Amino acid sequence: MDEMKTRRHDAIVLSSGDERAAQAEMTARLKESPLPDDELLANLGLFLTSKTLSRILFFADIYKRIVETHGIIVEFGVRWGQTLSLLSALRGIHEPFNRHRRIVGFDTFEGFSGMSEVDGANCRTVDGSFSVSPDYEAELARILALQEALNPISHLTKFELIKGDARDTVPAYFAAHPESLVSLAIFDFDIYEPTKAALEAVRPFLFKGSVLVFDELADDIFPGETVAVREVLGIDTLRIRRLPTAARVSYAVIE
Ligand SMILES: C[S@@+](CC[C@H](N)C(=O)[O-])C[C@H]1O[C@@H](n2cnc3c(N)ncnc32)[C@H](O)[C@@H]1O
């Protein structure tokens with residue numbers, strides 16, 4: 001296995017040296033772009049690589065699967081919030097008047113919390129890995145508010161960012177919201193303990209048709225997510241599938 005760890009988040013990355021160089025050059029092209037400000041957002045497709053686009057295509061497909069289900073979207077592990085922002089845009093496309101489709105994101109916004117032995121030797125992260133900049137949740141809240149401002153019923157806030165350790169915040173959220181139905185739950189904490197806590201807390205709020213998305217299932221670098229799913233739900237209870245557009249991320253529909 002390539003032992004390269006990123007300086008930013010400690011995890012092993014599997015890109016080749018050539019790929020890393022091309023990614024760095026693409027980043028430089030973005031930062032030094034001559035595009036005028038009022039054309040930048042409309043031309044972000046210039047910088048979408050196949051890897052980035054594959055994730056967008058995955059969630060575009062998953063969103064279509066929840067449109068006829070009722071309930072909220074929860075993301076366990078938000079980081080910079082690109083998936084939350086994408087989901088907000090997809091809500092604007094598919095169901096702009098559905099005020100019940102709240103999007104709720106859980107993160108410490110200070111990186112991993114709760115690394116344990118279950119996460120294994122390949123998992124080079126430590127508590128604090130994948131942290132974001134100070135007070136980033138306020139910046140993300142502003143971006144999500146702007147996403148809503150660009151769609152109908154923007155006077156009704158339809159997102160929530162829950163800051164703190166998921167082992168405490170996820171059970172507390174569902175205790176405070178007994179009305180919850182969870183239409184889509186995205187598991188992306190990467191590690192065992194918060195994933196297990198989130199699975200246990202969300203389980204009573206799932207129904208036949210709820211969609212579960214897993215970012216690290218069967219992943220040898222982050223085995224903790226798979227162990228948590230096996231312990232809480234049981235692998236043999238789930239029809240685990242993937243889509244041709246994305247290699248790592250998988251999903252299951254509660255049957
Ligand atoms: C891989 S990142 C999530 C990426 C994000 N889903 C995306 O689409 O870009 C994993 C996130 O899990 C968060 N995390 C890890 N352990 C946590 C815990 N115990 N409680 C809350 N958040 C946690 C980290 O802070 C980190 O932001």
Taking the stated definitions as given, is residue 146 within 26 Å of residue 100 (Cβ to Cβ), within 16 Å of the ligand (Cβ to nearest atom) and not in a loop (DSSP other than H, G, I, E, B)?
no
Among 159, 112, the single one that is open to solvent by less than 30 Å² (accessible area, probe 1.4 Å) and in contact with a Ser or Thr (Cβ under 7 Å, 6 or more places away or on another chain) is 112
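Matching residues to (1) open to solvent by 30 Å² or more (accessible area, probe 1.4 Å); (2) away from the ligand (no atom under 11 Å from the Cβ):
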position	(1), (2)
68	yes, yes
86	yes, no
97	yes, yes
100	yes, yes
104	no, yes
108	no, no
124	yes, yes
Residues of region 195-226 satisfying the condition of being among the basic types (Lys, Arg) and away from the ligand (no atom under 16 Å from the Cβ):
203, 208
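Conditions (1) within 26 Å of residue 149 (Cβ to Cβ); (2) touching a helix residue (DSSP H, G or I) at 6+ places or on another chain (Cβ under 9 Å); (3) open to solvent by less than 70 Å² (accessible area, probe 1.4 Å), marked per residue:
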{"residue": "34", "(1), (2), (3)": "no, no, no"}
{"residue": "43", "(1), (2), (3)": "yes, no, yes"}
{"residue": "47", "(1), (2), (3)": "yes, yes, yes"}
{"residue": "83", "(1), (2), (3)": "yes, yes, yes"}
(1) within 12 Å of the ligand (Cβ to nearest atom); (2) modelled with pLDDT under 95: which one isn't true of residue 120, the others all being true?
(1)
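The values are calculated or read from the model by the stated rules, or taken from the named source; none is laboratory data. These numbers come from a predicted model, not from an experiment. Note that we place each Cβ from the backbone using ideal geometry, even for glycine, and neighbour counts take in every protein chain shown. Side chains are part of the model used for accessible areas, which takes the heavy atoms of the whole protein and leaves out ligands, DNA and RNA. Shrake-Rupley method; radii C 1.70, N 1.55, O 1.52, S 1.80 Å.
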